[in-house]
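**Student:** My structure is below; once you've seen it, I'll send some questions.
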Protein chains: 2
Amino acid sequence: MAATVAVDNLNPKVLKCEYAVRGEIVIHAQSACSNSCKLNQDLYLLMRSSIVTLGTHNLLVSNQLHSSGRYVNFVPAEFKVCSAGFLHGISQVLALCDHPDLLKKEEIKTLFSADSISRAKQILALIPGRATGAYSHSQGIKGLRDAIASGIASRDGFPANADDIFLTDGASPGVHLMMQLLIRNEKDGILVPIPQYPLYSASIALHGGSLVPYYLNESTGWGLEISDVKKQLEDARSRGIDVRALVVINPGNPTGQVLAEENQYDIVKFCKNEGLVLLADEVYQENIYADNKKFHSFKKIVRSLGYGEEDLPLVSYQSVSKGYYGECGKRGGYMEITGFSAPVREQIYKIASVNLCSNITGQILASLVMNPPKASDESYASYKAEKDGILASLARRAKALEVAFSKLEGITCNKAEGAMYLFPQICLPQKAIEAAKAANKAPDAFYALRLLESTGIVVVPGSGFGQVPGTWHFRCTILPQEEKIPAIISRFTVFHETFMAEYRD
Amino acid sequence: MAATVAVDNLNPKVLKCEYAVRGEIVIHAQSACSNSCKLNQDLYLLMRSSIVTLGTHNLLVSNQLHSSGRYVNFVPAEFKVCSAGFLHGISQVLALCDHPDLLKKEEIKTLFSADSISRAKQILALIPGRATGAYSHSQGIKGLRDAIASGIASRDGFPANADDIFLTDGASPGVHLMMQLLIRNEKDGILVPIPQYPLYSASIALHGGSLVPYYLNESTGWGLEISDVKKQLEDARSRGIDVRALVVINPGNPTGQVLAEENQYDIVKFCKNEGLVLLADEVYQENIYADNKKFHSFKKIVRSLGYGEEDLPLVSYQSVSKGYYGECGKRGGYMEITGFSAPVREQIYKIASVNLCSNITGQILASLVMNPPKASDESYASYKAEKDGILASLARRAKALEVAFSKLEGITCNKAEGAMYLFPQICLPQKAIEAAKAANKAPDAFYALRLLESTGIVVVPGSGFGQVPGTWHFRCTILPQEEKIPAIISRFTVFHETFMAEYRD
């Protein structure tokens, strides 16, 4: 009998799916970490101090953001805890919610801040039976959705409704859900920016649809040009593709741009005119570094145009994995859906219900990050200082890396206006491209692998995100600890010079 | 322009999917709860004291199990915390892991048990950077997988390997993953028991495969008969279906039976001979109530037969939502995969990686429940007493409900040997069947809705799980608080007698 299960009799959609951010380079780095005893001591030390060990960060780490599996670059060597503030408070609130018995004890007043205690009490009061270990409503706990809706309303200046919120285990399951809903077969297309976060290509492949690419314009700072989107849409339609939705990632991943408000108006009008669902990945909404840029949610843009429920189906994704909090291992997030008819919403609810509910800790976190301390709250000053400190540090790190990359031979690098990434272009010498071909690698993957082996630094090759054919890039997070950036830059520079010396044409 | 998104242009697989345990009856109950002010006071009180409010339980509740969205029946009115023990310790360990800073404080010694403190330290030492808020390896944190593998090995007496463990947000995502892997199109079939837990039918529908039913034999206590499975397999094959896998739920949901060891040997041999993947839903492995029954994992059965990696692809599912712990809102679980080739395993890893990782709190919980205190541990005696107390109480509740149902006119009820359910058959009068038809409901759904409206008690109609055509059932959990069972039985009995008086032929 033939093998029961073999690669050639698996679902071809699975085989087609690719996922670069956990792809070859990362697997190689992981394996180097776990086999570190086999490596020479120098590399091992570097591994421990400055690259991925997947799952290594903590947001409590004062005034720095962490790395992690997704932002695979560098990892803080130590675990430094700041003394107070909202971010520290997040973990206090979660601890109290996990073990509500603590709230009966006097001793907690010396261990937890008054704000954390009162937040935990408020949250537990929203949870039927105070039971953080029970299944919730499949959209998430109603009281937490109310809190999130209220946070959205304060952010946008337009009302939001708890019934529109679906709490999810991070943003990814919400993206899969919408792809599953919209894609019938390979004749259904989804417009996706290139470069893109590969969740989109992976999810479209897994659900058997067609990715319709539109290219972001690197020469205008990764601008989104409606004319190109329209051209791609028309081209896809001429090939018989029923284009159902447009994905916009704002701030951009991996490209780090922040859309201008005018551009967002054009996108919304375009989607309405063309009958497209707008899937707005807004998980980096807190991560804005450019002084002249501001985050505007697509929900706000839609409502500002006077569009109501009849005009545009819109899904806005948010996650607790980003921002200045970065609690990615907690897997919290939500999607806010507006502009869908009641029967379609019922189908969305049904799919959500098949997995019962998202994890309650993640639900609590989503409600916390959408409702940080207010100006009138006791902890506001420390929260504000902490948040501003983290975001300012991220901005400095982005700038330092951008400047450093731009100085290197053959590398050009756009500004990081937002998100957590730089996506420099690297003009590789022909000799390097040939060496890559001989090694059966994409040229940028070849470069990234050499970088990893020489320095312990992990970047993700641009080929995993998509790029204009013939151009090569890599994605680099801006998350290394600020004080380590000079050493990283110097190590990177030495590697790059050596690489170029070896392969220069 | 036509509506951008309407039910008639959605993915037909989504439309086809049904999910009864969060279906009409549950939605109706939810809506009654949240609109309780509109109900008469009596029903409102009842709602609060004895039915579903989704997400209302806590496992810490001494000597009782909770209800929840999934086990939709009855809900404890209050939240009683037991004083010590492993289950209490679970929430202590989670709180310490959420906020590791606590471990530096002397005061915790009066708030947390010594065991919890030492467990939390052990767990944090397994997590790179002690960062419980960071993404982990896509299979889950390696140290936690090691702990789970060691728990499996102690359970089975055969080795287990951390590389075979995939930690998941509850068991459901692991089921979807395997369906996604195996199902190419509607010509791919999956053998599923009827009655079944509707996750299976929903997942097969969502992935576009064919459910190949085999019927459990109610007259032999929901026995699984290989001859029937073989007949259904051959019938499906004769219709051109490529049957890829056999689902076994042991202990059974919704049917509560526990498979005999001999029967399990036959199932394993059958799968090997027929080239089927064995998908073993073993989430109720701790829930055994019959003195003459014992849980044997299929992994143990496979290895006891001397089968190795070449012989049988097997997936074993476990969850932190069941057992005596029931931490369903934490969404923890794992699948152990054995018997798959390296290239197939890579595809499984790739799909897992698209959602980055499961939530870390759930991962920690899965490692805890697979490694309860050992006989040599200080807390063993209290853990053992607590666990035995809960399981004994569940057994008494199952018995009380079984006896009560069996006394009712037209109802027959098999023993609950395991899991958390009874699945009584109800012989409905013709007049009731006609009234149901006039109301456009399945007869058992009609009965369940009347029950809910009259008593506030929620049961899930058998038609959501599948049943021999022309028979009617309902699923009832055994989770109501033990002291409330007499009142529930009496209320149920009054309803049933009134219903029968109204509809008796």
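**Student:** Inter-copy label distances at B:ASP505, 7 Å along the Cα→beta-carbon direction, one decimal in nm, shortest first?
**Tutor:** Shortest to longest, the spacings are 8.9 nm.
**Student:** Taking a label point 7 Å from Cα toward Cβ, how far is A:GLU483 from its twins in the other copies, in nm, shortest first?
**Tutor:** Result, one decimal in nm: 5.8.
**Student:** Can you grab the distance from the C-alpha centre of region B:121-155 to the C-alpha centre of region B:415-463, Å, no decimals?
**Tutor:** 44
**Student:** Through the Karplus equation 6.51 cos²θ - 1.76 cosθ + 1.60, θ set to phi - 60°, convert the phi angles of region B:127-135 into ³J(HN,Hα) values in whole Hz; use x for Gly and Pro.
**Tutor:** 9, x, x, 6, 9, 7, x, 9, 4
**Student:** So who's got an amide H within less than 5 Å of the one on B:ILE411, skipping anything under 5 residues away but keeping other chains? H placed 1.01 Å off N, in plane.
**Tutor:** B:CYS427
**Student:** Can you list the residues, at least 5 places off or on another chain, whose amide H is less than 5 Å from the amide H of A:SER210, using H built in the peptide plane?
**Tutor:** Those lying under 5 Å, H to H, from A:SER210 are A:ASP188, A:GLY189, A:ILE190.
**Student:** Report, by chain and number, residues whose modeled amide H sits under 5 Å from the one on B:ARG475, excluding near sequence neighbours (fewer than 5 apart, same chain).
**Tutor:** B:VAL460, B:GLY462
**Student:** Okay, moving on. Lys and Arg at +1, Asp and Glu at -1: add these up for the other residues within a Cβ distance under 12 Å of A:LYS269 and post the number.
**Tutor:** Residues near A:LYS269 contribute -2 overall.
**Student:** Still on this structure, I have one more. Grab the other residues whose beta carbon is less than 10 angstrom from that of A:GLN92, score K and R as +1, D and E as -1, and report the net.
**Tutor:** -2
**Student:** I need the peptides B:402-409, B:304-311 ranked by packing, meaning the mean over residues of other C-beta atoms within 10 angstrom, with the highest value on top.
**Tutor:** Per-residue mean Cβ counts within 10 Å order the peptides as B:402-409, B:304-311.
**Student:** Sticking with this structure for a sec: Taking the Cα atoms of chain B, what is the range of coordinates along each of the three principal axes, in descending order and whole Å?
**Tutor:** In descending order, the Cα extents are 68, 63, 58 Å.
**Student:** Cα-Cα pairs above 55 Å in the protein assembly as shown: how many percent?
**Tutor:** Here the tail beyond 55 Å accounts for 12 percent of pairs.
**Student:** May I ask you to evaluate 6.51 cos²θ - 1.76 cosθ + 1.60, the Karplus curve with θ = phi - 60°, for each residue of region A:436-449 and list the ³J(HN,Hα) values in order in whole Hz, giving x for glycine and proline?
**Tutor:** Along region A:436-449, the couplings run 4, 4, 4, 8, 6, 10, 5, x, 6, 5, 4, 4, 5, 5 Hz.
**Student:** Taking the label point as lying 7 angstrom from Cα along the Cα-to-Cβ axis, what are the distances from A:ARG239 to the corresponding position in the remaining copies, in ascending order and in nanometres?
**Tutor:** Relative to the other copies, A:ARG239 has label-point distances of 3.6 nm.
**Student:** Can you give the charge dipole size of the protein assembly as shown about its Cα centre, rounded to the nearest 20 debye, using +1 on the beta carbon of Lys and Arg and -1 on the beta carbon of Asp and Glu?
**Tutor:** It works out to roughly 520 debye.
**Student:** For region B:86-130, max minus min Cα coordinate along each principal axis, in Å, sorted largest first?
**Tutor:** For region B:86-130, the Cα spread along each principal axis is 28, 23, 14 Å.
**Student:** Using θ = phi - 60° and the Karplus relation 6.51 cos²θ - 1.76 cosθ + 1.60, list the HN-Hα couplings for region B:196-211 in order, rounded to whole Hz, with x at every Gly or Pro.
**Tutor:** Values per residue, Gly and Pro as x: 9, 6, x, 3, 5, 5, 5, 5, 5, 5, 4, 9, x, x, 10, 7 Hz.
**Student:** Count the net charge of all other residues whose Cβ sits under 9 Å from the Cβ of B:ILE337, scoring Lys and Arg as +1 and Asp and Glu as -1.
**Tutor:** Taking every other residue near B:ILE337 into account, the sum is -1.
**Student:** While we're on this one: Given N residues in region A:142-369, what is its alpha carbon radius of gyration divided by 2.2 N^0.38 Å?
**Tutor:** 0.95
**Student:** To continue, here is another question. For each pair in A:LYS142/B:LYS142; A:LYS484/B:LYS105; A:LYS437/B:LYS350; A:LYS441/B:LYS350; B:LYS121/B:LYS374; A:LYS350/B:LYS437, compute the distance between the two Cα atoms and list the pairs where it is over 27 Å.
**Tutor:** Result: A:LYS142/B:LYS142; A:LYS484/B:LYS105 exceed 27 Å.
**Student:** Right, another one. Translational diffusion coefficient, Stokes-Einstein: compute it for region A:218-317 using the Kirkwood radius over C-alpha pairs as Rh, at 20 °C and 1.002 mPa s, and state it as an integer in µm² s⁻¹.
**Tutor:** Diffusion coefficient, whole number: 151 µm²/s.
The numbers here are math on the coordinates, done by the rules we state, and not lab data. Since the model is a prediction, treat every value here as computed from it, not as a measurement. For neighbour counting, all protein chains shown are included, and Cβ atoms are generated from backbone atoms with ideal geometry for every residue, glycine included.
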